[in-house]
Amino acid sequence: MENGFRVLWTDHALDELQSTFEYLEHKWTNKEVVKLALKIEHVVELISKNPYMFQESVEVRGIRQAVVMKHNTMYFRIIGETIEVLSFFSNRQNPSSKKL
């Protein structure tokens, strides 16, 4: 695609993202929170340009995963010309709590 895929976040992914930032604002410095935000922007840009560069999830076929930082993984699927972000998962959580 010339301009890349359109990226949409599900309500679930946005809730997880918000919860992550709320938690990190109390545990990390502002500089570290900004660094994470910039890293998320970078990963979303990469996904929009070439989502196939990211590994397919071993748990659910058709879902891809992008490690944002060692503590967070973004799960998404490709639907036509759209990327649907399904989850922004904190890897410190129990893996069985993952909702894809």
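The values are calculated or read from the model by the stated rules, or taken from the named source; none is laboratory data. Here the structure is a predicted model, which is why all the values come from computation and not from measurement. Neighbour counts are summed over all protein chains in view; Cβ atoms, including those assigned to glycine, are modelled from backbone coordinates with ideal geometry.
Miscellaneous remarks
- Summed over the stretch 1-26, the residues that are in a loop (DSSP other than H, G, I, E, B) and either surrounded by 15 or more Cβ atoms within 10 Å (Cβ to Cβ) or of a type in the set (Val, Ile, Thr) (or both) give a count of 3.
- The stretch 66-90: number of residues that are in a strand (DSSP E or B), touching a strand residue (DSSP E or B) at 6+ places or on another chain (Cβ under 7 Å) and more than 19 Å from Ser19 (Cβ to Cβ): 4
- Flag if Phe89 is within 14 Å of Ala13 (Cα to Cα), surrounded by 18 or more Cβ atoms within 10 Å (Cβ to Cβ) and modelled with pLDDT under 90: yes
- Taken over the stretch 58-73, the criterion of being buried (at least 18 other Cβ atoms within 10 Å of the Cβ) and touching a residue at least 40 places away in the same chain (Cβ under 8 Å) is satisfied by Asn72 alone.
- When the stretch 44-60 is limited to residues that are more than 12 Å from the chain's Cα centre (by Cα) and part of a loop (DSSP other than H, G, I, E, B), the one that is farthest from Leu86 (Cα to Cα) turns out to be Asn50.
- Test: residue in the stretch 27-43 that is of a type in the set (Ser, Thr, Tyr) and part of a helix (DSSP H, G or I): no
- Number of positions in the stretch 45-62 that are among the β-branched types (Val, Ile, Thr) and modelled with pLDDT of 95 or more: 1
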